[in-house]
Amino acid sequence: MRPLVGEALVAQLPALAQLRIEVFRAYPYLYEGSLAYEREYLQGYARTDGSVIVGAFEGERLIGAATGTPLRAEPPSVQGCFVACGDDPSQWFYFGESVLRSQYRGRGIGVAFFREREAHARRLGYARTCFCAVVRPDDHPQRPPQWQALDDFWRRRGYAPLPGHVGDMRWRDVGDERETAKPMQFWGRLLP
Ligand SMILES: CC(C)(COP(=O)(O)OP(=O)(O)OC[C@H]1O[C@@H](n2cnc3c(N)ncnc32)[C@H](O)[C@@H]1OP(=O)(O)O)[C@@H](O)C(=O)NCCC(=O)NCCS
């Protein structure tokens, strides 16, 4: 596993797009991804100083990745609820996504994704890190019976929901004809 910045980050954007489309297709994201959207969205990391991709590799192949970027570089759908809550977005480093192919889960890679991104945030001088997660109703028709929320995993990493910090992101769910807005709960921590 290694943190990638600059040209090394840019080189992995196509592989990250594939991972996002594959992994976020599952509940709770149900994301009907498109390469066109991914290209545009992921360019944000290429454009922004301070961005990182923590890449997990098998050989040269990216099998999982976690991203981070300064929150102040994010669009209003991401940083807006911090502003509305009276927080200064420039104090926060934002984790964009963690995506790991299912056959590689449960080996500690997700824990390492947090450790590496927090170390990167600290190197840049940030004391606060955050991420967001989609909120689905408990009785969502596509929720698999065995599905388990990641809330306990995140709490064990030191994160807690930030009261009132609920963003609003739009994408097309698998099986839907058009995009819909989703509530996104932010979680955060003060780094030790
Ligand atoms: C989130 C995600 C990356 C976590 O990946 P993961 O590698 O399975 O997570 P880990 O194996 O590090 O951690 C899971 C648990 O297994 C434990 N674990 C299992 N084997 C381990 C090992 N060999 N070494 C260390 N920890 C291990 C971890 O300690 C952790 O338990 P804990 O919370 O009690 O500490 C993965 O579930 C995923 O891609 N999910 C789908 C996408 C998603 O929802 N992303 C989050 C929102 S963007």
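Scanning region 1-32 for residues being away from the ligand (no atom under 13 Å from the Cβ), within 27 Å of residue 185 (Cβ to Cβ) and not in a helix (DSSP H, G or I) gives a total of 2. Scanning region 150-168 for residues that are without any contact (Cβ under 8 Å) to a residue 24 or more places away in the chain and in a loop (DSSP other than H, G, I, E, B) turns up just one, 150. Yes or no: region 96-116 includes at least one residue that is among the aliphatic types (A, V, I, L, M) and touching a helix residue (DSSP H, G or I) at 6+ places or on another chain (Cβ under 8 Å). Yes, because at least one residue in region 96-116 is among the aliphatic types (A, V, I, L, M) and touching a helix residue (DSSP H, G or I) at 6+ places or on another chain (Cβ under 8 Å).
Of 108, 86, 64, all but one fail to be within 20 Å of residue 154 (Cβ to Cβ) and free of Cβ contacts under 8 Å to residues at least 12 places away in the same chain; the exception is 108.
Does residue 171 satisfy the criteria of being within 15 Å of the ligand (Cβ to nearest atom), without any contact (Cβ under 8 Å) to a residue 60 or more places away in the chain and closer than 27 Å to residue 50 by Cα?
Details: within 15 Å of the ligand (Cβ to nearest atom): yes; without any contact (Cβ under 8 Å) to a residue 60 or more places away in the chain: no; closer than 27 Å to residue 50 by Cα: yes.
So residue 171 fails the test.
Quick check: is even one residue across region 59-80 surrounded by fewer than 15 Cβ atoms within 10 Å (Cβ to Cβ) and touching a His at 6+ places or on another chain (Cβ under 8 Å)? Scanning region 59-80 turns up no residue that is surrounded by fewer than 15 Cβ atoms within 10 Å (Cβ to Cβ) and touching a His at 6+ places or on another chain (Cβ under 8 Å). Within region 111-136, residues that are within 12 Å of the ligand (Cβ to nearest atom) sit with their Cβ atoms under 6 Å from residues that are of a type in the set (D, E, K, R), at 6+ positions apart or across chains, in these pairs: 114/157; 134/182. Within the option set 89, 75, 70, being more than 15 Å from the ligand (Cβ to nearest atom), over 22 Å from residue 31 (Cβ atoms), within 16 Å of the chain's Cα centre (by Cα) and not charged (D, E, K, R) holds for one residue only, 70.
The residues on offer are 125, 175, 188, and the sole one that is surrounded by 13 or more Cβ atoms within 10 Å (Cβ to Cβ), of a type outside the set (D, E, K, R) and either assigned to a loop (DSSP other than H, G, I, E, B) or under 17 Å from the mean Cα position of the chain (by Cα) (or both) is 188. Does region 79-94 contain any residue that is of a type in the set (Val, Ile, Thr), closer than 19 Å to residue 185 by Cα, part of a helix (DSSP H, G or I) and modelled with pLDDT of 95 or more? Yes.
The values are calculated or read from the model by the stated rules, or taken from the named source; none is laboratory data. These figures come from a predicted structure and were not determined experimentally. In this analysis, Cβ positions are derived from the backbone assuming ideal geometry, glycine residues included, and neighbour counts consider all displayed protein chains.
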